[in-house]
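One structure is given here, and the rest of the page talks about it.
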Amino acid sequence: MPSAAVRDIVKEHGRLAVDVESLSDDDSLYEAGMTSHASVNVMLALEDAFDVEFPDEMLKRSVFESVASISSALAQLDVKAA
Amino acid sequence: MPLRVGIDLVKAATVREALAEHGDRYLRRVYTEAEIVQCGDDPLRLAARFAAKEAAMKVLRPGADDAVPWAAIEVLRDAHGVPGLTLHGPAAALARSAGLSDFAVSLTHEDEYAAAVVVGT
């Protein structure tokens, strides 16, 4: 399951105001303190870690809203489980 | 006639992190060629441009499922040093559908922070 790896990346790059472990997979990362630029840093780190590139049509706020939405997006990009 | 305003604040440290870890890949995903020429790799200038893009997003109000790449919003200074906003592709489409045709932007930065305000009407 990539969600553990996603959590690690959000923890390191998301600049959240709270511990990512206190969030459920569906909790809003933006409400947890992730700024717009931090979402860029998270996106780039995800691309490095999973060797993918989010296409322009996936550059939506909803894609980076939560651990669950990010994991779902990665699944759409055909990322294999770590 | 609609009138909207957006504001955003960006820490230079967040830009520095992106530059250090991703370099050119970060620049090319977020900024246009012309923006890169004007800013180079100055974290405060880039932070101000990013703040302007996010301020513009707050004016355009994309829905959660509207895809708007950061480079679709371009912030460039003219020959007199006055910043201006140009919208491309999906950003321009959002402006049209919202009835917004004129935009103004102002940038500022000091120490480790950059900010921008965008007005659209």
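Where a number appears in this text, it was derived from the coordinates with a stated rule and is not lab data. Please read these numbers as outputs of a predicted model, since none were measured by experiment. Backbone-built Cβ (ideal geometry, glycine too); neighbour counts: all protein chains shown.
With charges set only on the Cβ (+1 for Lys and Arg, -1 for Asp and Glu), what does the dipole of chain A come to about its Cα centre, in debye to the nearest 20?
Magnitude of the dipole: close to 100 debye.
Can you list the aspartates and glutamates whose alpha carbon is less than 17 Å from that of residue A:11, not counting same-chain residues fewer than 8 positions off?
Leaving aside aspartates and glutamates fewer than 8 places away in the same chain, those within reach of residue A:11 are A:19, A:21, A:25, A:26, A:27, A:31, A:47, A:48, A:65, B:17, B:21.
If you add up the charges near residue B:97, with Lys and Arg at +1 and Asp and Glu at -1, over every other residue whose beta carbon is less than 15 angstrom from its beta carbon, what do you get?
Computed value for this residue: +1.
Give me the angle, in degrees from 0 to 90, between the Cα long axis of helix B:43-60 and the longest principal axis of the Cα atoms of chain B, rounded to the nearest 10.
20 degrees
Which distance in nm do the two modelled labels at residue A:52 and residue A:4 give, with both placed 7 Å along the Cα-to-Cβ direction?
The two pseudo-label positions are separated by 1.9 nm.
Compute log10 of I(q)/I(0) for region B:43-83 with the Debye formula, placing one identical point scatterer on every Cα and leaving out solvent, at q = 0.26, 0.28 Å⁻¹, to two decimals.
-0.94, -1.02
Taking the Cα-to-Cβ direction at residue B:25 and at residue B:88 and moving 7 Å from each Cα, how far apart do the two end points lie in nm?
Using points 7 Å along Cα→Cβ, the separation is 2.1 nm.
Whole number please: convex hull volume per residue, Cα atoms of the protein assembly as shown, in Å³.
Enclosed volume per residue, from the Cα hull, is 114 Å³.
Can you tell me how much longer the chain between residue B:77 and residue B:9 gets when fully stretched, taken as 0.36 nm per residue apart minus their C-alpha distance, in nm with one decimal?
22.6 nm
Return the calculated 222 nm mean residue ellipticity for chain A, to the nearest 500 deg cm²/dmol, obtained by summing -39500 (n - 2.57) across DSSP H runs with n ≥ 4 and dividing by the residue count.
The per-residue figure over chain A is -13500 deg cm²/dmol.
Under Stokes-Einstein, with the Kirkwood radius over Cα pairs standing in for Rh, what whole-number D in µm²/s applies to chain A at 25 °C and 0.890 mPa s?
Reported coefficient: 199 µm²/s.
Just round it to a whole percent: the fraction of Cα-Cα distances in chain B exceeding 20 Å.
So the pairs more than 20 Å apart make up 38 percent of the total in chain B.
Add -39500 (n - 2.57) for each DSSP H run of 4 or more in chain B, then divide by its residues: what number comes out at 222 nm, to the nearest 500 deg cm²/dmol?
-14500 deg cm²/dmol
Taking the simple approach of a point 7 Å from Cα along Cα-to-Cβ for both residue A:28 and residue B:106, what is their distance in nm?
The two pseudo-label positions are separated by 2.9 nm.
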